[in-house]
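A short write-up of the structure that comes next.
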Amino acid sequence: MNNEEKKLELVNQAIDDFGGLLQDYRRKYFLTLEDMASLVGCSASYIHRIEHGKRNPEIDFRIKVLTMGMNWSTEEIYLYLEEFLSREKVRKTE
């Protein structure tokens with residue numbers, strides 16, 4: 001799998017299962033709920049609720065998590081927004 005395919009896979013996971021991606025990232029880098037919450041400026045309980053599908057954060061908070069918490073590049077954020085908006089457009093026309 002080349003680098004572009006990896007980026008697209010990551011983007012799709014962020015759209016399909018944002019909480020799961022967040023939890024996987026946190027565990028991979030040995031970050032506690034408190035660590036991640038501190039990075040993005042929210043409570044640890046909010047991160048926990050996102051990871052367990054009890055909260056669906058707005059797009060601006062997702063971008064904050066991806067950039068400040070998970071160190072996504074500008075290119076990855078752009079791909080994420082492009083795909084996210086594309087799916088939203090399709091969803092609204094259904």
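Cut-off under 18 Å on the C-alpha distance; same-chain residues fewer than 8 positions from residue 6 excluded. Which lysines are left, in chain and number order? Candidates past the 8-residue exclusion: 28. The overall shape of the stretch 13-57 is oblate: from the C-alpha gyration tensor, with semi-axes ordered a ≥ b ≥ c, the ratio a/c is 1.5 or greater and a/b is no larger than b/c. The simple spin-label model puts a point 7 Å past each Cα toward its Cβ; for residue 60 and residue 75 those points are separated by 2.9 nm. The residues neighbouring residue 85, those whose beta-carbon lies less than 12 Å from its own, together hold a net charge of +1 under the Lys/Arg +1, Asp/Glu -1 convention.
Each other residue within a Cβ distance under 14 Å of residue 16 adds +1 if Lys or Arg and -1 if Asp or Glu, for a net charge of -2. Across the stretch 14-29, rounded Karplus estimates of 3J(HN,Hα) from the backbone phi angles (6.51 cos²θ - 1.76 cosθ + 1.60, θ = phi - 60°) give 5, 7, 6, 8, 4, x, x, 4, 4, 5, 4, 4, 4, 5, 4, 9 Hz, Gly and Pro being marked x. Quick check on the chain: take the gyration tensor over C-alpha atoms, sort the square-rooted eigenvalues as a ≥ b ≥ c, and tell me if it's rounded (a/c under 1.5), prolate or oblate. Oblate. For the pair residue 13 and residue 82, label points projected 7 Å from Cα toward Cβ lie 2.0 nm apart. Taking each residue as 0.36 nm, the span from residue 1 to residue 30 lengthens on full extension beyond its C-alpha to C-alpha distance by 7.9 nm.
Helical content of the chain, expressed as a calculated mean residue ellipticity at 222 nm, amounts to -21500 deg cm²/dmol (DSSP H runs of 4 or more residues, -39,500 (n - 2.57) each, divided by residue number, nearest 500). Of the chymotrypsin sites (Phe, Trp or Tyr not before Pro) found in the stretch 16-81, the ones in coil according to DSSP and having at most 15 other Cβ atoms within 10 Å of their Cβ are 29, 30.
Karplus-based coupling profile of the stretch 49-60, in residue order and whole Hz: 5, 5, 4, 9, x, 8, 9, 10, x, 5, 4, 5, with θ = phi - 60° in 6.51 cos²θ - 1.76 cosθ + 1.60 and x standing for Gly or Pro.
No value in this document is a laboratory result; all are computed from the given coordinates. None of these values were measured; they are calculated from a predicted model. We place every Cβ from the backbone using ideal geometry, glycine too, and count neighbours over all the protein chains shown.
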